[in-house]
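Visitor: Pasting a structure below so you can have a look.
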Amino acid sequence: GGAGVTNLILGPMIGGLSDTQAYIWGRTDGPGTLYAWVGRNPDLSDLSQPTAQSLPLSAQNGFAGVVPINDLQPESEYYYTVTLDPTLQSPLVWPYPKFSTFPPKGATRSFSFVFGSCFLPKDQDSGGIFDHIQTMRFQRESQPEKALRFMLLIGDQIYADAYQYNQLDRVALSLDDYRKVYTYTWSRIPFRRLLQKIPAYMTLDDHEVDDDWTWVDMARTQASIPIWDRLIRWWHRRPEAERRLTPERVKNALHAYWEHQGMHARGYLSSLALDDGARYTLAPDDSGSLAYQFTVGRAAFFVLDTRTMRVKSRDGQRVMLGEGQWQSLIKWLDEVKDTYPVKFIVTSCAMLYQLRFDIPKDRWTGFEEERRRFIEALRERDCRGVYLLAGDLHSAHSMQVEIPGHAGPIPLWEFCSSPFEQKPTRSTGYPWMRKPLPGDQAVSQELHFTYPDLNFGVVEVNLDDPQHPKVRFEVYGADGSLVHAVDTP
């Protein structure tokens with residue numbers, strides 16, 4: 001566009017979907033307002049004015065904003081577009097994409113969704129796997145139980161630290177740097193095209209900030225990255241600022257995370273506190289987190305924040321979720337235990353599958369007490385129908401364990417899909433690489449498969465018999481073909 005003309009540079013994207021609401025997200029290259037048009041007719045001829053508009057897009061939020069759409073009908077199909085002026089002369093997407101609202105809370109409906117993690121585009125042609133998801137979305141559209149209703153992107157939606165590929169030629173440091181990495185990564189055509197058409201839920205893993213980063217004190221005033229990252233960057237003569245992680249940089253990263261991923265989610269249980277500049281304060285006494293929950297009919301989802309509260313202190317203390325998030329999770333388990341036959345807990349890093357040589361101890365392996373606490377919470381409540389959805393490993397797997405329970409063993413499943421596009425971890429395929437869970441946590445453990453290559457996961461939830469829900473996990477390879485499938489009994 002010319003001088004003074006504002007353009008949409010990312011989005012539009014559908015977030016925060018429920019049975020009656022949606023958020024439509026977009027980011028522009030300058031000040032303005034997003035207007036969303038949401039109607040029932042494919043050509044939006046049933047609309048004479050915008051359905052809703054965003055708050056003014058300002059530099060403070062990187063010109064990113066959401067348009068809240070309320071009063072939608074459950075299980076209904078809507079077409080939408082966005083404009084930057086209140087007339088429909090210049091829609092920013094054509095033909096108009098569509099989405100379907102969820103069934104009413106508690107309604108028994110079978111449904112399917114797609115998930116995955118770890119997208120590191122290497123060049124202009126990156127993101128081909130998203131075209132395969134798009135094709136599948138199109139093919140399954142007419143089958144209610146198999147239609148891909150939404151997508152979970154569960155970590156490493158950018159690689160802020162991958163200076164060879166992030167278009168900065170350096171590790172992201174400033175808020176502007178982090179925004180630029182999002183701009184580059186999310187403007188890959190297949191990614192952008194898919195996310196205009198499928199509602200998305202997101203959470204962060206480490207690379208939204210830096211590799212394997214963690215706080216090093218309980219008050220969360222100092223952060224750090226692993227010694228080998230510091231050494232490699234020193235060896236490559238990277239400047240000192242790229243070899244240390246300041247709290248200011250964490251704030252920059254999380255502010256950019258909020259602008260691109262956080263603001264279009266809803267259902268936050270206890271949000272991180274913001275200051276007047278809409279930036280996270282990360283105060284020592286703030287027990288909030290980026291965890292949120294949503295429901296689809298009779299399935300309940302809890303999206304963990306495994307990163308912002310994580311502490312590995314110098315005196316040996318280990319915290320992953322933080323006490324505030326634990327309270328939210330326990331309260332959620334109590335609420336959904338009997339009313340939702342299927343419960344998905346999204347954890348950006350694997351909990352059940354552990355590598356024998358996990359030197360960084362960056363997954364739940366490094367937080368043994370908290371994993372024990374989670375398993376204990378399920379055991380105490382005799383909580384069944386729980387499925388963990390994981391990413392991060394650069395390989396996919398399906399695994400089932402049985403927790404010793406009062407009324408017989410409690411099955412717990414873990415499905416992992418990773419990476420969309422990243423270097424695969426071949427070693428996860430060797431049986432001797434896996435370290436079993438301690439016997440008091442799991443009486444039986446079964447690894448169904450690992451798949452060490454580019455992939456995405458599809459989960460089909462069958463509620464034909466709500467007393468005995470069936471869940472199917474499928475893994476598709478880089479060319480879109482099915483490579484593994486497992487059905488829960």
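The values are calculated or read from the model by the stated rules, or taken from the named source; none is laboratory data. Keep in mind the model is a prediction, meaning the values are calculated, not measured. Glycine gets a Cβ as well: all are built from the backbone with ideal geometry, and neighbour counts include every protein chain shown. Please note that ligands, DNA and RNA were not included when accessible areas were found on the heavy atoms of the full protein model with its side chains. Shrake-Rupley method; radii C 1.70, N 1.55, O 1.52, S 1.80 Å.
Visitor: Give the residue list of trypsin sites (Lys or Arg not before Pro) in the stretch 300-385 that are DSSP loop and have at most 13 other beta-carbon atoms within 10 angstrom.
Guide: ARG314, ARG356
Visitor: Could you tell me whether the stretch 1-133 comes out rounded, prolate or oblate from its Cα gyration tensor? Rule is a ≥ b ≥ c as square roots of the eigenvalues, rounded for a/c under 1.5, then prolate if a/b exceeds b/c, otherwise oblate.
Guide: Here the stretch 1-133 falls in the oblate category.
Visitor: When the accessible area of the stretch 1-76 is computed with all protein chains present and a 1.4 Å probe, what percentage of it is carbon and sulfur?
Guide: Ligands and nucleic acids excluded, carbon and sulfur reach 47 percent.
Visitor: Using a/c under 1.5 as the rounded threshold, could you call the stretch 381-489 rounded, prolate or oblate? The axes a ≥ b ≥ c are square roots of the C-alpha gyration tensor eigenvalues, and prolate needs a/b larger than b/c, oblate otherwise.
Guide: The shape class here is oblate.
Visitor: Taking Cα pairs under 8 Å and at least six residues apart, what relative contact order does the chain come out at, in percent?
Guide: Reported as a whole number, the value is 14 percent.
Visitor: May I pose another question? For the stretch 95-152, with every protein chain kept in place, what is the accessible area per residue (1.4 Å probe, Å²)?
Guide: Ligands and nucleic acids excluded, the figure is 39 Å² per residue.
Visitor: Using only helices, what value at 222 nm comes out for the chain when you add -39,500 (n - 2.57) per DSSP H run of length 4 or more and divide by the total residues, to the nearest 500 deg cm²/dmol?
Guide: Here the helix-only value at 222 nm equals -5000 deg cm²/dmol.
Visitor: State the percentage of accessible surface on the stretch 282-423 attributable to carbon and sulfur atoms; use a 1.4 Å probe and exclude ligands, DNA and RNA.
Guide: Whole-percent figure for carbon plus sulfur exposure: 49.
Visitor: With a probe of 1.4 Å, find how much accessible area the stretch 349-489 has per residue, and write the answer as a whole number in Å².
Guide: Numbers: 5470 Å² over 141 residues.
The answer is 39 Å² per residue.
Visitor: Please work out the Cα center distance from the stretch 27-54 to the stretch 268-282, rounded to the nearest Å.
Guide: What the calculation gives is 28 Å, centre to centre.
Visitor: Separate question: I want the local charge near TYR280. Using Cβ-Cβ distances under 10 Å, sum +1 for each Lys or Arg and -1 for each Asp or Glu among the other residues.
Guide: Net charge around TYR280: 0.
Visitor: Tell me, what is the per residue accessible area of the stretch 13-56 in Å², probe radius 1.4 Å?
Guide: Value returned for the stretch 13-56: 40 Å² of accessible area per residue.
Visitor: Could you look at the stretch 175-229 and say what percent of its accessible area is carbon and sulfur, using a 1.4 Å probe and all protein chains?
Guide: Details: 850 of 1480 Å².
Summing carbon and sulfur atoms, their accessible area is 58 percent of the total for the stretch 175-229.
Visitor: Would you mind pulling out the separation of the Cα centroids of the stretch 216-253 and the stretch 130-162, in Å?
Guide: 33
Visitor: Same structure, new question: Which of the lysines could be linked to LYS197 by a straight reach, that is with a Cα gap under 29 Å, when you skip same-chain ones fewer than 8 residues away?
Guide: Partners within reach: LYS98, LYS105, LYS122, LYS146, LYS180, LYS343, LYS423, LYS470.
Visitor: Could you point to the label whose value was computed as percent of Cα pairs over 28 Å apart for the structure here, given (1) 57; (2) 63; (3) 51?
Guide: For percent of Cα pairs over 28 Å apart, the calculated option is (3).
Visitor: Rounded to whole Å, give me the distance from the Cα center of the stretch 434-480 to that of the stretch 311-347.
Guide: After rounding, the separation between the Cα centres reads 21 Å.
Visitor: Another question, if that's okay. State, as an integer percentage, the relative contact order of the stretch 277-366 based on alpha-carbon contacts under 8 Å between residues 6 or more apart.
Guide: In percent, rounded to a whole number, it is 27.
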